[in-house]
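Note sheet for the following structure.
The values are calculated or read from the model by the stated rules, or taken from the named source; none is laboratory data. From a predicted model like this one, the values you see are computed outputs, not experimental measurements. Ideal geometry is used to build each Cβ from the backbone, glycine not excepted, and the neighbour counts take in all protein chains shown. We work out accessible area using only protein heavy atoms, side chains counted, and drop any ligands, DNA or RNA first. Shrake-Rupley method; radii C 1.70, N 1.55, O 1.52, S 1.80 Å.
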Amino acid sequence: MPGDEIATEVPSVAAGAAADPDVAVMLRLQAGDQDAFQELFQKFSPRVLQYTRRLVGSEARAEEVTQDVFVQVFRFRQRYRPESRFSTWLYTIATNLCLNEIRRPERRLRVDLWKERDEEERREGPQLADPAAITPEEGAAGRELARQLEAAVGDLPPKQRAALLLSRVDGLAYRDVAEALGCTEGAVKALLFRATQSLKKTLREYL
């Protein structure tokens, strides 16, 4: 995008981010390497789309939000500082845009946690079986559980939902979730505890 200034020096990289190869790619983008943006987009856009879809509950809106995320990555590339993993900064942008979208009163939220995902499930939240692995006899009950879980997650307050998705689905560490949500690790643990308790209460007859 023309008109933006090109960085003349490379920011110092914090120890925690030095081992992250994506930080190096982002710094290349800051230095004016346009190919670096394509590398980041190709690697992260599917993951960001998956996250935004689960958080805002609409495929169409998730696609728009995902595009906005990468527009902001490029637009504000000179503001990036390698103080943590690149994905933490990226998810911070995605979370803020999603929360803004969720606050729109006309949006009906619908979150599907049964979509395929690359990351292993975290321990937070009820440990639920993969619907694809259930027996035929359990099929109807499993589908009903999936519907109830989907509705229950959609009913969580936005920050609880975001914390649950970032931690349990996307596998971010507490410190990275805290940075993405703009709070402390203790607050993240509290959000996850409240979300877990709420889901257990809602789904107690299925667990």
If you go through the range 101-115 one residue at a time, do you hit one that is surrounded by 21 or more Cβ atoms within 10 Å (Cβ to Cβ), assigned to a helix (DSSP H, G or I) and modelled with pLDDT under 95? yes
Checklist (1) part of a helix (DSSP H, G or I); (2) open to solvent by 10 Å² or more (accessible area, probe 1.4 Å) applied to C183, failing item: (1)
In the range 159-207, residue modelled with the lowest pLDDT [restricted to those that are in contact with a Pro (Cβ under 9 Å, 6 or more places away or on another chain) and among the hydrophobic types (A, V, I, L, M, F, W, C)]: L207
Which ones in the range 150-203 are among the hydroxyl-bearing types (S, T, Y) and more than 12 Å from the chain's Cα centre (by Cα)? Y174, T184, T196, S198, T202
Does A60 fit the bill of being open to solvent by less than 10 Å² (accessible area, probe 1.4 Å), small (G, A, S) and in a helix (DSSP H, G or I)? no
State the number of residues belonging to the range 50-68 that are aliphatic (A, V, I, L, M) and within 16 Å of L172 (Cα to Cα). 1
Which pairs turn up if I take residues in the range 72-100 that are within 16 Å of D33 (Cα to Cα) and look for partners that are of a type in the set (D, E, K, R) with beta carbon separation below 8 Å, at least 6 apart in sequence or on another chain? R75/D4; R77/D4; Q78/D4; Q78/E5
